[in-house]
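Presented below is the structure to which this report refers.
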Protein chains: 2
Amino acid sequence: MQLFYCPNFQLPQTILPEEEAIHCLQVLRKNVGEVISITDGKGHFAQAKILANKPKNCLLEILEIQRQEAKPYYLHIAIAPTKNIERMEWFVEKATEIGIDEISFLQCDRSERKEIRLERLQKVALQAIKQSKQAYLPLLNPMQKFSQFLAKDFEGYSQKWIAYVGSNTLLTQTLRSKGKYLLLIGAEGDFSEKEINLAKEKGFEEISLGKTVLRTETAGIVACTIVACQNFI
Amino acid sequence: MQLFYCPNFQLPQTILPEEEAIHCLQVLRKNVGEVISITDGKGHFAQAKILANKPKNCLLEILEIQRQEAKPYYLHIAIAPTKNIERMEWFVEKATEIGIDEISFLQCDRSERKEIRLERLQKVALQAIKQSKQAYLPLLNPMQKFSQFLAKDFEGYSQKWIAYVGSNTLLTQTLRSKGKYLLLIGAEGDFSEKEINLAKEKGFEEISLGKTVLRTETAGIVACTIVACQNFI
């Protein structure tokens, strides 16, 4: 079953966005009268009948709306993108499959990468929810400096962590179920001491993600898995 | 610290394999008298002094051998390779970083891929242990048919699982620490009913890896993470 992305749909009718409509009508050759599955990325699926088959005006009749149960936790990872952007795309894909709500990109003292193409990464996340049949599209925030990010007010988060090589507390040991979590992950070369101290001043606990040295993107995926598993045991 | 792979080294001297020697001498421009770190991929690191700087005859003097503590478990994943081989390379890299001992490749009823270049995947694993500073190189077995693989005698394994979409038992619920584990993972399209039944007859328990639909390579990485975490809590 192919899933199409159609943000903000409402009963009784909606227009499928052009990019999705091209895929639906021209690649998959769906036609008027056929029923497709759509998601708004905000927790809803719907069955919808195609009423008009023009890519710029692919009108759908919403037949039935279903709500997907939300996860019992909220996970926000702020990560310093790797030099090789493919590794970040891979992180976004896998994190979305496993379960993540929000990703922020950090420019750190030791970052080699100073910018990202947010739109490209958002497409990867969208592909991943379509692939894994999820109705929640994670929020991806533009890149900002570490100090700027840390200056925010993190009210509402039940646990805030900074992961780095050398910390002795495993995430599995400190994680409490059903929380709202924020985790900072550095890039190649890890966080600077200054950054670690700043995070600790802001109430972030230091944690480690395992016994082996992990690449940035692997650390992110391991964190998503640990949080998902401990919340579902 | 760069780590070089030198299988079967012994006191007092050894030869660094040519491919590694080219990297050491020509790319990193190491010279006679310099000390490098090597691993045999079987649990040992060593410090070694370069005595001769010819790629075909890079003679090393072993100064000191250290043993890396082995993990408290053994994980063997038998997986049906994805159509896109890059996704399998990612799996091998990440599994090696997180912790795996043996990988077998399966040709299943619904496999689109009928062969793999084992040597290429072995290189990925080697790169990953060098990157993550590990002294254990996982064993990668050639591809074989599912029924052929299942015909083996799996003596010594404490838990054997088959993962598929639709199973209700989470791996996290059934996993017992410090075991020798074997896990079967299917490719796109999952295992056939015949395959699932055959595995169950051979004593494999059915398990699920989470609440979301995971791609083959993601399932493999999630399994490595769950096994590692539960063994280190």
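The values are calculated or read from the model by the stated rules, or taken from the named source; none is laboratory data. Just so it is clear, the model here is predicted, and its values are computed rather than measured. Heads up, the Cβs are rebuilt from the backbone with ideal geometry, glycines too, and the neighbour counts pull from every protein chain shown.
Here are the numbers for this structure:
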read-out: Within segment A:73-105, tally of residues that are among the β-branched types (Val, Ile, Thr) and without any contact (Cβ under 8 Å) to a residue 60 or more places away in the chain; value: 4
read-out: Failed item in (1) more than 14 Å from chain A (Cβ to nearest Cβ); (2) more than 22 Å from B:Leu209 (Cα to Cα), with B:Ile77 passing the rest; value: (2)
read-out: Strands (runs of 3 or more DSSP E) fully within segment B:64-148 counting 1 or more residues that are surrounded by fewer than 22 Cβ atoms within 10 Å (Cβ to Cβ) and modelled with pLDDT under 95; value: none
read-out: Number of the exception - A:Asp190 against (1) part of a strand (DSSP E or B); (2) surrounded by 14 or more Cβ atoms within 10 Å (Cβ to Cβ); (3) not hydrophobic (A, V, I, L, M, F, W, C); value: (1)
read-out: Scan of segment B:33-58 for residues that are loosely packed, with under 12 Cβ neighbours inside 10 Å and touching a strand residue (DSSP E or B) at 6+ places or on another chain (Cβ under 7 Å), ordered by number; value: B:Gly33
read-out: Selected residue (only one of A:Ile98, A:Ile103, A:Ile116 is under 15 Å from A:Ile221 (Cβ atoms) and in contact with a strand residue (DSSP E or B) (Cβ under 7 Å, 6 or more places away or on another chain)); value: A:Ile103
read-out: Test set (1) crowded, with 23+ Cβ neighbours inside 10 Å; (2) more than 14 Å from chain B (Cβ to nearest Cβ); (3) closer than 21 Å to B:Gln131 by Cα; (4) not basic (Lys, Arg) - A:Glu217 fails condition number; value: (2)
read-out: Single unsatisfied condition, B:Glu61 versus (1) in contact with a Lys or Arg (Cβ under 6 Å, 6 or more places away or on another chain); (2) surrounded by 20 or more Cβ atoms within 10 Å (Cβ to Cβ); value: (2)
read-out: Members of segment A:203-225 that are assigned to a helix (DSSP H, G or I), touching a strand residue (DSSP E or B) at 6+ places or on another chain (Cβ under 7 Å) and either outside the structural domain of A:Thr174 (by TED's automatic domain parsing) or aliphatic (A, V, I, L, M) (or both); value: A:Ala219, A:Ala223
read-out: Members of segment A:47-89 found to be of a type in the set (Val, Ile, Thr) and under 28 Å from the mean Cα position of the chain (by Cα), listed by number; value: A:Ile62, A:Ile65, A:Ile77, A:Ile79, A:Thr82, A:Ile85
read-out: Checklist (1) at pLDDT 95 or above; (2) of a type in the set (Val, Ile, Thr); (3) touching a Ser or Thr at 6+ places or on another chain (Cβ under 8 Å) applied to A:Ile162, failing item; value: (3)
read-out: Residues being under 21 Å from A:Tyr73 (Cβ atoms) and small (Gly, Ala, Ser) - total across segment A:116-167; value: 7
read-out: Qualifying residues in segment A:193-211 (those that are within 14 Å of another protein chain (Cβ to nearest Cβ) and buried (at least 18 other Cβ atoms within 10 Å of the Cβ)) - the one nearest to A:Glu155 (Cα to Cα); value: A:Ile207
read-out: Only one of B:Ser147, B:Ser158 that is over 12 Å from the mean Cα position of the chain (by Cα) and without any contact (Cβ under 8 Å) to a residue 24 or more places away in the chain; value: B:Ser158
read-out: Odd one out for B:Gln173, checked against (1) within 14 Å of chain A (Cβ to nearest Cβ); (2) surrounded by 14 or more Cβ atoms within 10 Å (Cβ to Cβ); (3) not in a loop (DSSP other than H, G, I, E, B); value: (2)
